[in-house]
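K.L.:
Below is one structure. I have some questions about it.
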Amino acid sequence: VRIRALLSILLLALLADGCDYFKPAQPEAPTSAPFTADYSSPEATLETISKAIHDKARTIGLTAYGQAFAESTSAATPAYHQFFWPAEEQEWALHHSVPVWTLTTEKNFYIKLVGLFPDAYDLLWVPDQNLPDTSNPTGDVVYLHRHYLVRRATEAGDEIGKVAIGFADLTLVLQGDQWKITIWQDRIDPNADPNDPDQLTMGRRRLNTTL
Amino acid sequence: VDPRFAFADTTLLRDTLGIHFDRLFELADSLRLTPDTLRALSIRQGFTPQRMVFLADSLHTRVDSVGTWLLREQFNPLAHTGAASRPTNDFTYNTTYVIQETRSTWTNISDYAFAWRQLYLRNNTNIVMGRFESAGRITISQDRTSTTEAGLKLTPDYSAGGRAVLHRYNTDDPSAIRNVEEQQGDYQVSLRTRQQPRPGISSELNVFSGVTDLTSSRQDKHGLTSEINGRFHHQSGAWFVHELSGQLNGNNVNTLVPQTQIGQKTHDVIGNMNGTLSLFDPAPLGFNGTYSFQRSRVATPDYNGIFRTVRNIGTDLNGTFRATLGNKGLFHAGETYSLSDQITALNGPTNRHGTTFLADGRYQWFGNVFESNFQTSLTESETPQVDSTGGYAENVTDRALSGGITRVFGKINTRANARIGLTRYRYATIGAYLTPPVARDLVQQTYRLEANYAGGGDFSTGVSLDVTRGEYVNLPSASTSQNNTQRIYQGEWRWTYRLFRGLTATQRNTLGATYTAYNFVPENDRALLEFGTATTLNAILTPRLTVDLTHTSRISPSGNFTQQPDGLYYFRPADRSTIYSLESRISYTPISGFSIQLTPSYQSMLRDGASGGTLQPQRMDKTLNFNGSSNLNVHVGRRGVLTGTIGRTYYGTSSTTFSTVTAPSAPFQSQFWNGSLNFTWKL
């Protein structure tokens, strides 16, 4: 009887696979040529995030942005986690709960961020001059320190205003042939103009989207 | 040993802080927790996993709720059942200093408890000071909270008193327009009761009511505040256990925004209720269920000083049927339902509801252990006001089926696992919203074969093969150029041999290949190959002195892998990274509870790029790291304990870029303190 039960389960599993229970839908043929997402190096992953921000979810922006962050598929692969600037987190915690920031919330944040202003966006990454990039001994984990600036721009590329400004201490892990962000530690840029309500860190923008 | 645990990651079993994790994997499996979660809970509370389970059983709560339970009961005078005539006078001081490269925090916690006859007094003070550095600027923050409660224990089941919660917060964060300050004082009368009308039924009901006084840079609040919380426990024989807890907070205050000088009377209500139900727990057939309900309505000024109401409703229902198949197997089937409804100031309303069906089973048959798991879920959500034009609805379907077989052949453990999963995302536009997320499907199929040989003597070895196939399918035509299918093959051979009594060698060799095929842009198809070796020599020179030496090499070429006119696929290397590293760890323990560790490491990384059809050096990085630290776990006097690690890190890097002109960059070096020290003192 038990053997029959086991065989039944196996048969059900095979049927489930056979009746397209796990088959993806048929996609449409591509009609336009959006940007190419590239995660072959840590710098390429950051460049892909820039392109995704510029894309504003019009083509493959959300997909490309989401794939830049690590998704844990097993106990051995780490998942993406963002840590807020401690002073901003504590100030936020006075009146709201501070969310645990993972890939799901990051994808929602992308949608909200690119919809904040109707203008075109640019994301510029610049290495932090005070902290050099390092890596682990085996070279499959790198630690990058970058200044970021998300700005609103005209089609000609002239800046209209800022959307986010700050520093990010990033940990990227090589998963297969792709570099994925596993940790984003947000830091303020002390030179940001505190009187400009749009010169917020990405961490603060993330918190604002939870309200 | 159950063959299912023959492949356990033994790095989890290292002794930390004197806590042992005996039978961690079996215990975690029986609790349906991951082993690292159970280990983390044990370390956080300072109890062994067995002690955690005992406490959870006796408190009729889940293992991950034990910490919350103990914290709450610290302030419950009715929980202290010592002899009334014997006074208690306990004081505990705990200080922790954590220092890292750009940030440090110093936490001070004191806890004082006094009880004599019917009188009780309790004070808990928590001070956290932070120092954070970014781009050469320092940010300081201070967060202080003091909770004091005093009163009379009228009977063993009733107490009355008062409590004061004082909170101060300051930071000079330059990202804020001005210094962020907050002063809050809550002064309340407290009434605690507990009832046990008959064996098997017990309850607690606590009421706190008083005034609140909040002054901050964003809002001032003055008015009345109340909290009611309680628990109800009902147990009937061994077949029925029901635990219900709830809390309701409310306030009625005058709120003033200093920025705009606009004031308003606001009413905030936050409530939640949680329950667990177990039926026929010791029987072969049983049921476990949990339910929770949360509701809140809070009026709060936004950063422009305009009052907004944030509403939140959440419901979660979870039920699992359990069947034990003799002493050889078990079967679970469960259904989960969740609902959340939220209205926020910035994003308008959102609602989400979902159901999940789960089934898993395990059966041992003629030395084989069969395991299987099936899950399907459907989640629907709507965000109708992403911006002024509208929003979108999301529909996510997730399906997964996995199975495995484990068998022991004498000294050889073997295991085979397979999994298939599909996640579907579909979207519908609400209003005239132009940019909903892209409809897409994600498929993943994996299998893993592995075998371990544990000779029981000086030699052990193991091999494994992982194969993964993933499909990323965007559906609309504007997004499908990025669709791809990825095939990953990874093989590993590892061995350990004890060369001499105090010298062990371990080697791990890996081979991997990742092929990414772009369904509509085949000229972009890529391949990445990986060859890696890590060799470790572990020498125990004396019982107090150990030395580890690890050499690692990893070579990974990658490039296009495309089909040529002759019908064959050819690999054209575009870049190659070659990494060599040497790492040493010297650990010396002169006395029990104190050890010194020195960890020097050197790494060189060469990156080659294709130029003119051949690979040429592009960049060379060399890094030297040195970390010296001491680990402490010592008693200071009879009542103090000092634990933690403190050390200094030095690192230096240099890089050279090869192009038409070879350009070495200026070497960079840095050194800083890092670690965490904790001192606890009990009176």
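The values are calculated or read from the model by the stated rules, or taken from the named source; none is laboratory data. Bear in mind that the values here come from a model prediction, so they are computed numbers and not experimental data. With ideal geometry, Cβ positions are generated from the backbone for all residues, glycine too; neighbour counts draw on all protein chains shown.
K.L.:
Please work out if B:ASN452 is in a strand (DSSP E or B), of a type in the set (S, T, N, Q) and more than 24 Å from B:ALA513 (Cα to Cα).
P.N.:
no
K.L.:
I'm checking my understanding of the structure. Among residues of the range A:72-87 that are within 12 Å of another protein chain (Cβ to nearest Cβ) and modelled with pLDDT of 85 or more, which one is surrounded by the fewest Cβ atoms within 10 Å (Cβ to Cβ)?
P.N.:
Out of the qualifying residues, it is A:PHE83.
K.L.:
Then there's this: Which condition number does B:GLY367 fail, the rest of (1) under 28 Å from the mean Cα position of the chain (by Cα); (2) more than 12 Å from chain A (Cβ to nearest Cβ); (3) among the small types (Gly, Ala, Ser); (4) more than 30 Å from B:ARG297 (Cα to Cα) being met?
P.N.:
Single failed check for B:GLY367: (1).
K.L.:
Here's something else I'd like to know. Is it true that some residue in the range B:185-201 is without any contact (Cβ under 8 Å) to a residue 24 or more places away in the chain, of a type in the set (A, V, I, L, M, F, W, C) and out of contact with any helix residue (DSSP H, G or I) (no Cβ under 8 Å at 6 or more places or on another chain)?
P.N.:
no
K.L.:
Which ones in the range B:633-683 are polar (S, T, N, Q), within 28 Å of A:ASN130 (Cα to Cα) and more than 14 Å from chain A (Cβ to nearest Cβ)?
P.N.:
Selection gives B:THR645, B:THR656, B:SER659, B:THR662, B:SER676.
K.L.:
Select from the range A:114-141 the residues that are within 11 Å of chain B (Cβ to nearest Cβ) and of a type in the set (A, V, I, L, M, F, W, C) and write down the one among them that is farthest from the chain's Cα centre (by Cα).
P.N.:
It comes out as A:LEU131.
K.L.:
Go through the range A:127-171 and report how many residues are surrounded by fewer than 19 Cβ atoms within 10 Å (Cβ to Cβ) and aromatic (Phe, Trp, Tyr).
P.N.:
The total comes to 1.
K.L.:
Something else: Can you tell me which residues in the range B:554-583 are at pLDDT 90 or above and surrounded by fewer than 16 Cβ atoms within 10 Å (Cβ to Cβ)?
P.N.:
Residues satisfying the conditions are B:ILE555, B:LEU582.
K.L.:
Residues in the range B:276-288: is at least one charged (D, E, K, R), out of contact with any helix residue (DSSP H, G or I) (no Cβ under 7 Å at 6 or more places or on another chain), at pLDDT below 90 and within 30 Å of B:TYR169 (Cα to Cα)?
P.N.:
No: zero hits.
K.L.:
Given the conditions (1) free of Cβ contacts under 8 Å to residues at least 12 places away in the same chain; (2) in contact with a Leu (Cβ under 7 Å, 6 or more places away or on another chain), report the number of the one that B:GLY334 does not fulfil.
P.N.:
Looking at each condition in turn, B:GLY334 falls short on (1).
K.L.:
Could you list all residues from the range A:40-68 that are crowded, with 22+ Cβ neighbours inside 10 Å and in a loop (DSSP other than H, G, I, E, B)?
P.N.:
Listed by number, the residues that qualify are A:ALA57, A:THR59, A:ILE60, A:ALA68.
K.L.:
Can you tell me how many residues in the range B:471-483 are within 7 Å of chain A (Cβ to nearest Cβ), among the hydroxyl-bearing types (Ser, Thr, Tyr) and assigned to a strand (DSSP E or B)?
P.N.:
0
K.L.:
Which condition does A:LEU174 not pass, out of (1) buried (at least 19 other Cβ atoms within 10 Å of the Cβ); (2) at pLDDT below 90; (3) within 8 Å of chain B (Cβ to nearest Cβ), if it passes all the others?
P.N.:
In the conditions (1) buried (at least 19 other Cβ atoms within 10 Å of the Cβ); (2) at pLDDT below 90; (3) within 8 Å of chain B (Cβ to nearest Cβ), A:LEU174 misses (3) alone.
K.L.:
Something else: Take the residues in the range A:104-115 that are farther than 20 Å from B:VAL310 by Cα and surrounded by fewer than 18 Cβ atoms within 10 Å (Cβ to Cβ); name whichever of them is modelled with the highest pLDDT.
P.N.:
Checked the range A:104-115; the qualifying residue modelled with the highest pLDDT is A:LYS107.
K.L.:
Determine if the range B:200-212 includes at least one residue that is buried (at least 16 other Cβ atoms within 10 Å of the Cβ) and within 14 Å of chain A (Cβ to nearest Cβ).
P.N.:
Yes, the range B:200-212 contains at least one residue that is buried (at least 16 other Cβ atoms within 10 Å of the Cβ) and within 14 Å of chain A (Cβ to nearest Cβ).
Yes/no per residue for (1) of a type in the set (Asp, Glu); (2) more than 9 Å from chain A (Cβ to nearest Cβ); (3) touching a residue at least 40 places away in the same chain (Cβ under 8 Å):
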site: B:THR485; (1), (2), (3): no, yes, no
site: B:GLY491; (1), (2), (3): no, yes, no
site: B:TYR497; (1), (2), (3): no, yes, no
site: B:PHE500; (1), (2), (3): no, yes, no
site: B:ALA505; (1), (2), (3): no, yes, no
site: B:PHE520; (1), (2), (3): no, no, yes
site: B:ASP548; (1), (2), (3): yes, yes, no
site: B:SER558; (1), (2), (3): no, no, no
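K.L.:
State yes or no: is B:TYR489 within 30 Å of the chain's Cα centre (by Cα) and either of a type in the set (Gly, Ala, Ser) or within 30 Å of B:TYR427 (Cβ to Cβ) (or both)?
P.N.:
no
K.L.:
Any residue at all in the range B:321-330 that is touching a residue at least 24 places away in the same chain (Cβ under 8 Å), of a type in the set (Val, Ile, Thr) and crowded, with 16+ Cβ neighbours inside 10 Å?
P.N.:
no
K.L.:
Moving on to the next point. If A:ASP186 satisfies every condition in (1) within 22 Å of A:ASP119 (Cα to Cα); (2) part of a strand (DSSP E or B); (3) within 13 Å of chain B (Cβ to nearest Cβ); (4) charged (D, E, K, R) but one, which is the exception?
P.N.:
Answer for A:ASP186: the failing condition is (1).
K.L.:
May I pose another question? Filter the range B:213-230 down to the residues that are within 14 Å of chain A (Cβ to nearest Cβ) and assigned to a strand (DSSP E or B), then identify the one that is surrounded by the fewest Cβ atoms within 10 Å (Cβ to Cβ).
P.N.:
Only one residue tops the list, namely B:THR215.
K.L.:
Name every residue in the range B:352-364 that is closer than 21 Å to B:PHE293 by Cα, touching a Leu at 6+ places or on another chain (Cβ under 8 Å) and within 14 Å of chain A (Cβ to nearest Cβ), in order of residue number.
P.N.:
Within the range B:352-364, B:ARG352, B:GLY354 qualify.
K.L.:
Quick one: is B:THR435 crowded, with 16+ Cβ neighbours inside 10 Å, without any contact (Cβ under 8 Å) to a residue 12 or more places away in the chain and facing chain A (nearest Cβ under 9 Å)?
P.N.:
Yes, satisfied.
K.L.:
Any residue that is surrounded by 15 or more Cβ atoms within 10 Å (Cβ to Cβ) and under 30 Å from A:ASP189 (Cβ atoms) - is there at least one of those in the range B:149-167?
P.N.:
Checked the range B:149-167: at least one residue is surrounded by 15 or more Cβ atoms within 10 Å (Cβ to Cβ) and under 30 Å from A:ASP189 (Cβ atoms).
K.L.:
Identify, please: which residue in the range B:106-155 is more than 36 Å from the chain's Cα centre (by Cα) and not in a strand (DSSP E or B) and is, among those, modelled with the lowest pLDDT?
P.N.:
B:ARG117
K.L.:
Among (1) touching a residue at least 12 places away in the same chain (Cβ under 8 Å); (2) more than 13 Å from chain B (Cβ to nearest Cβ), where does A:ASP158 come up short?
P.N.:
Among (1) touching a residue at least 12 places away in the same chain (Cβ under 8 Å); (2) more than 13 Å from chain B (Cβ to nearest Cβ), A:ASP158 violates only (1).
K.L.:
In the range B:91-143, what count of residues is obtained for those that are without any contact (Cβ under 8 Å) to a residue 24 or more places away in the chain and farther than 19 Å from B:SER676 by Cα?
P.N.:
Total meeting the criteria: 5.
K.L.:
Restricting to the range B:380-406, and then to whatever is within 22 Å of B:ARG419 (Cα to Cα) and of a type in the set (S, T, N, Q), can you tell me which residue is farthest from the other protein chains (Cβ to nearest Cβ)?
P.N.:
So the residue we want is B:THR406.
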